[in-house]
Structure formats: structure tokens, C-alpha cells
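K.L.:
Take a look at this one; I'll ask things after.
The values are calculated or read from the model by the stated rules, or taken from the named source; none is laboratory data. As the structure is a computational prediction, the values presented were derived from the model and not from experiment. Methodologically, a virtual Cβ is constructed for each residue, glycine included, from the backbone with ideal geometry; neighbour enumeration extends over all protein chains shown.
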């Protein structure tokens with residue numbers, strides 16, 4: 001009998017880490033290790049899901065030695081926020097000769113992972129950043145429809161969460177760019193936009209209904225204009241299930257933009273408490289849409305829309321399933337990559353959706 005494929009989930013007792021651990025526990029021959037600086041929390045999660053626990057200090061200068069001691073094959077880093085974070089965990093994984101995966105959605109962090117490419121190639125390990133809804137799932141959806149277009153011109157997509165508040169790291173990451181300027185590819189040129197502004201609506205064909213969206217800074221905004229030559233506009237926006245909390249952030253964005261407030265991040269704790277009080281008003285539904293526009297093969301204007309709808313607050317599972325799908329491929333011996341790269345062209349759409357099969361998730365295309 002083959003020995004278990006050991007995967008360490010750093011931050012495995014956090015919001016997304018816990019969901020990844022639960023899913024990994026269902027994969028035959030995969031042994032998940034819940035790890036972090038809080039051993040008690042790690043042990044509690046491991047006990048519930050038949051996993052193991054380990055104390056791991058992600059900032060330790062002996063992190064690579066700790067990885068070797070645990071005899072793991074892969075480390076999944078879920079400890080955010082990744083904005084302004086360094087590559088110590090990834091470099092330690094390389095030094096230990098193991099694969100590294102993270103679920104980062106921080107633009108500079110994901111794009112900068114390529115600086116570790118030479119070191120990862122030398123050690124023959126894979127270093128993957130941004131294994132999440134963006135850019136992994138978004139790129140897979142675009143690629144599904146690409147053959148229908150003679151020229152793809154506009155990529156407009158967004159994610160609207162349910163009322164359930166994500167982990168503290170996610171909240172801090174969002175608050176960090178609310179009202180702040182960042183570059184977006186618009187009409188064939190780079191233009192400055194502001195976080196959580198340029199609001200717009202999308203009406204889902206499903207029971208998710210109509211949701212509001214605002215500008216969100218993600219790695220895709222830099223990756224997709226290069227990946228899809230000829231595209232004139234790449235716009236990603238995010239939204240909150242409750243209109244009250246979404247509009248509250250919109251108002252806050254103006255205070256930051258007009259420099260009446262230096263950053264919204266300092267209010268993360270307070271706003272999280274308020275949002276938690278409002279959670280009973282929600283319906284547990286979330287959604288993602290990808291709208292593609294351009295010229296079809298017949299020379300006529302063409303628009304395609306792909307939607308994912310989730311109920312029962314199951315949408316929270318979606319970002320972590322890219323990492324799970326990748327571990328499944330590694331454990332099955334179906335993939336052996338090396339080098340450092342954003343998570344694109346590694347997990348297919350079918351592989352991603354396979355990990356969502358047990359959740360209340362539906363796909364609509366039109």
C-alpha cells in the first residue's frame with residue numbers, strides 16, 4: 001500500500017483553510033495536516049476531520065527544517081492577507097524540496113511569484129500562487145468560450161458573496177483597497193480607477209437575483225490583457241450579498257478617495273462586527289458571472305455569459321477548490337510541475353467544478 005500523500009495546510013483552522021482541510025480529508029490517500037502558530041485550534045480542527053495537527057510558525061527562519069521534519073509533499077498557504085506579504089513560506093518550501101500552493105488574490109504578490117521560478121526549477125518543485133476563483137476559475141471559464149470569438153474585446157466579470165462574513169484576513173484585504181486607486185485596462189489603455197467604485201449591477205439568471213458590484217483589485221487585471229491579445233477592456237468587480245453592507249463600503253470608499261480617511265483597514269474590526277449583526281437578513285446565496293463580448297466567427301457582435309450560483313452559504317468553498325483540485329492531481333500522479341507561476345493553465349474548468357459537486361452550486365450559460 002502506498003504511503004499517504006501528506007499535505008500541510010498552513011492556517012488550516014482559518015476561514016478558507018478549514019474548508020480546504022475538510023475537502024482534502026475526503027480524498028483517498030491524502031493526509032491533511034492542520035498547521036499554524038495556534039496548536040490548540042489546529043488540534044480541534046484535526047480532531048473533527050480525522051486529520052493531524054502541527055505547530056508551524058510561518059515566520060520562523062527554520063521553516064524549511066520544520067517542513068522536512070513533517071515529511072510533507074505540499075504546503076498550502078492560506079495565511080493572508082497577502083498584500084505586502086513576502087515570499088518566506090514559498091522560499092522555505094523550495095528549500096525543503098516540496099511543492100507550494102497559495103490562495104492569494106493580491107495583485108503584486110501573485111504577479112511577483114515568478115521571481116522564484118529559477119530556484120523552483122533548480123529544486124524541481126512547483127510554486128503556484130493565486131489558486132483561487134481569480135485568476136484560476138475566471139481564466140478557465142474564458143478559455144471555454146474563447147473559440148467562439150474571432151476577436152474577444154471585453155471581459156467583464158464579478159463575484160458577489162453571500163451575507164456570511166469571510167475570515168479576518170479577507171476583510172482586511174478588501175479594506176486595504178477600498179477607495180484606493182489602481183490600474184485597470186479600459187478601452188485599450190491603462191486607466192486609474194478606485195476600489196469599490198464604478199458601481200454597476202448584474203442580474204443573475206438564477207435565484208441570486210440582481211446584485212451590485214464595485215471595482216476590485218486582483219491579479220487578473222494585469223494578467224488577462226497579456227493573456228488575451230486584442231482585448232480592449234478587462235474589468236473585475238466584487239459585491240456583497242446584503243445591499244446595506246455593500247452600500248456602506250461604497251460610502252466609505254469616498255471618504256478614503258477624498259483623503260478624509262487614510263485607509264478603511266483600521267475599521268475592519270468594527271465593520272465586521274456590524275456585518276455579523278446583519279447576517280440574519282441574508283439568504284445564503286452568492287454568485288459569480290463572466291460576461292464576454294466581441295466579434296463572433298461570422299463577423300457579427302457576440303456576447304456570452306457564464307454564471308455560477310451557490311446557495312446555503314456554500315459559495316465560501318469556491319475559492320479554495322483550485323488548491324484541492326491541484327493536490328488531487330499531484331496525489332494521483334497526473335501532474336508534476338516545476339517552476340513558479342500564477343495558477344493558470346494548471347487546473348481545468350472540469351477539474352475545478354468536480355470539487356464543487358457536493359455543494360449547492362449550479363452553472364448557467366447563455
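K.L.:
State yes or no: is residue 279 surrounded by fewer than 18 Cβ atoms within 10 Å (Cβ to Cβ) and without any contact (Cβ under 8 Å) to a residue 12 or more places away in the chain?
P.N.:
No.
K.L.:
Here is a further query. Which residue is nearest to residue 163 (Cα to Cα), if the candidates are limited to the stretch 213-248 and must be assigned to a helix (DSSP H, G or I), touching a helix residue (DSSP H, G or I) at 6+ places or on another chain (Cβ under 8 Å) and at pLDDT below 95? Write out each step before concluding.
P.N.:
Taking the stretch 213-248 and keeping what is assigned to a helix (DSSP H, G or I), we get 220-227, 243-248.
From what's left, touching a helix residue (DSSP H, G or I) at 6+ places or on another chain (Cβ under 8 Å): 220-224, 227, 244-245, 248.
Among the residues that remain, those that are also at pLDDT below 95 are: 244-245, 248.
Working: 244: 10, 245: 9, 248: 14 Å.
By that ranking, first place goes to 245.
K.L.:
Any chance the stretch 270-277 includes a residue that's closer than 18 Å to residue 172 by Cβ and either at pLDDT 95 or above or touching a strand residue (DSSP E or B) at 6+ places or on another chain (Cβ under 9 Å) (or both)?
P.N.:
No, every residue in the stretch 270-277 fails to be closer than 18 Å to residue 172 by Cβ and either at pLDDT 95 or above or touching a strand residue (DSSP E or B) at 6+ places or on another chain (Cβ under 9 Å) (or both).
K.L.:
With the requirement that a residue be surrounded by 16 or more Cβ atoms within 10 Å (Cβ to Cβ) and under 23 Å from the mean Cα position of the chain (by Cα), what does the stretch 282-297 give you? Give the steps one after another, and end with the answer.
P.N.:
Taking the stretch 282-297 first, the residues surrounded by 16 or more Cβ atoms within 10 Å (Cβ to Cβ) are 282, 284-294.
Of everything in the stretch 282-297, those that are surrounded by 16 or more Cβ atoms within 10 Å (Cβ to Cβ) and under 23 Å from the mean Cα position of the chain (by Cα) turn out to be 282, 284, 285, 286, 287, 288, 289, 290, 291, 292.
K.L.:
So in the stretch 162-198, with the set limited to residues that are in a loop (DSSP other than H, G, I, E, B) and modelled with pLDDT of 95 or more, which one is farthest from residue 237 (Cα to Cα)?
P.N.:
188
K.L.:
Test residue 230 against the stated conditions and say whether it is touching a residue at least 24 places away in the same chain (Cβ under 8 Å) and at positive phi.
P.N.:
yes
K.L.:
Shifting gears a bit: Can you say whether residue 230 is in the same structural domain as residue 273 (by TED's automatic domain parsing), surrounded by fewer than 22 Cβ atoms within 10 Å (Cβ to Cβ), under 24 Å from residue 342 (Cβ atoms) and over 22 Å from the mean Cα position of the chain (by Cα), as far as the supplied structure shows?
P.N.:
Numbers: in the same structural domain as residue 273 (by TED's automatic domain parsing): yes; surrounded by fewer than 22 Cβ atoms within 10 Å (Cβ to Cβ): yes; under 24 Å from residue 342 (Cβ atoms): yes; over 22 Å from the mean Cα position of the chain (by Cα): yes.
Against the criterion (in the same structural domain as residue 273 (by TED's automatic domain parsing), surrounded by fewer than 22 Cβ atoms within 10 Å (Cβ to Cβ), under 24 Å from residue 342 (Cβ atoms) and over 22 Å from the mean Cα position of the chain (by Cα)), residue 230 qualifies.
K.L.:
Checking residue 301 against (1) touching a strand residue (DSSP E or B) at 6+ places or on another chain (Cβ under 7 Å); (2) more than 30 Å from residue 27 (Cα to Cα); (3) in contact (Cβ under 8 Å) with a residue 40 or more places away in the chain, only one condition comes out false. Which one?
P.N.:
(3)
K.L.:
Going by what's in this entry, would residue 360 be described as under 13 Å from residue 20 (Cα atoms) and in contact (Cβ under 8 Å) with a residue 24 or more places away in the chain?
P.N.:
It is false that residue 360 is under 13 Å from residue 20 (Cα atoms) and in contact (Cβ under 8 Å) with a residue 24 or more places away in the chain.
K.L.:
Quick one: which strands (runs of 3 or more DSSP E) lie wholly within the stretch 275-366 and hold at least 3 residues that are within 30 Å of residue 98 (Cα to Cα) and not assigned by TED's automatic domain parsing to the domain that holds residue 220? Walk me through how you get there before you give the answer.
P.N.:
Numbers: elements: 286-296, 301-310, 339-342, 361-365.
Those strands (runs of 3 or more DSSP E) span 339-342.
K.L.:
Look through 358, 332 and report the one residue that is on the phi < 0 side of the Ramachandran plot and either surrounded by 20 or more Cβ atoms within 10 Å (Cβ to Cβ) or at pLDDT 95 or above (or both).
P.N.:
358
K.L.:
Then there is this: Taking only pairs six or more apart or across chains, which ones have beta-carbon atoms under 8 Å, a first residue in the stretch 62-74 that is assigned by TED's automatic domain parsing to the domain that holds residue 335, and a second residue that is surrounded by 15 or more Cβ atoms within 10 Å (Cβ to Cβ) and assigned to a loop (DSSP other than H, G, I, E, B)?
P.N.:
Listed by first residue and then by second, the contacts come to 63/56; 66/56; 67/98; 70/56; 72/98; 73/98; 74/98.
K.L.:
Inside the stretch 11-61, can you point out the residues that are free of Cβ contacts under 8 Å to residues at least 60 places away in the same chain, touching a strand residue (DSSP E or B) at 6+ places or on another chain (Cβ under 6 Å) and within 15 Å of residue 321 (Cα to Cα)?
P.N.:
If the condition is that a residue be free of Cβ contacts under 8 Å to residues at least 60 places away in the same chain, touching a strand residue (DSSP E or B) at 6+ places or on another chain (Cβ under 6 Å) and within 15 Å of residue 321 (Cα to Cα), then 21, 25, 32 are the ones that fit.
K.L.:
Considering every residue within the stretch 251-262, establish whether at least one is more than 28 Å from residue 361 (Cβ to Cβ) and within 23 Å of the chain's Cα centre (by Cα). Even if it seems obvious, please write down each step before you answer.
P.N.:
First pass over the stretch 251-262, keeping only residues more than 28 Å from residue 361 (Cβ to Cβ): 251-262.
Filter once more, so that each one left must be within 23 Å of the chain's Cα centre (by Cα): 253.
Taking every residue of the stretch 251-262 in turn, at least one turns out to be more than 28 Å from residue 361 (Cβ to Cβ) and within 23 Å of the chain's Cα centre (by Cα).
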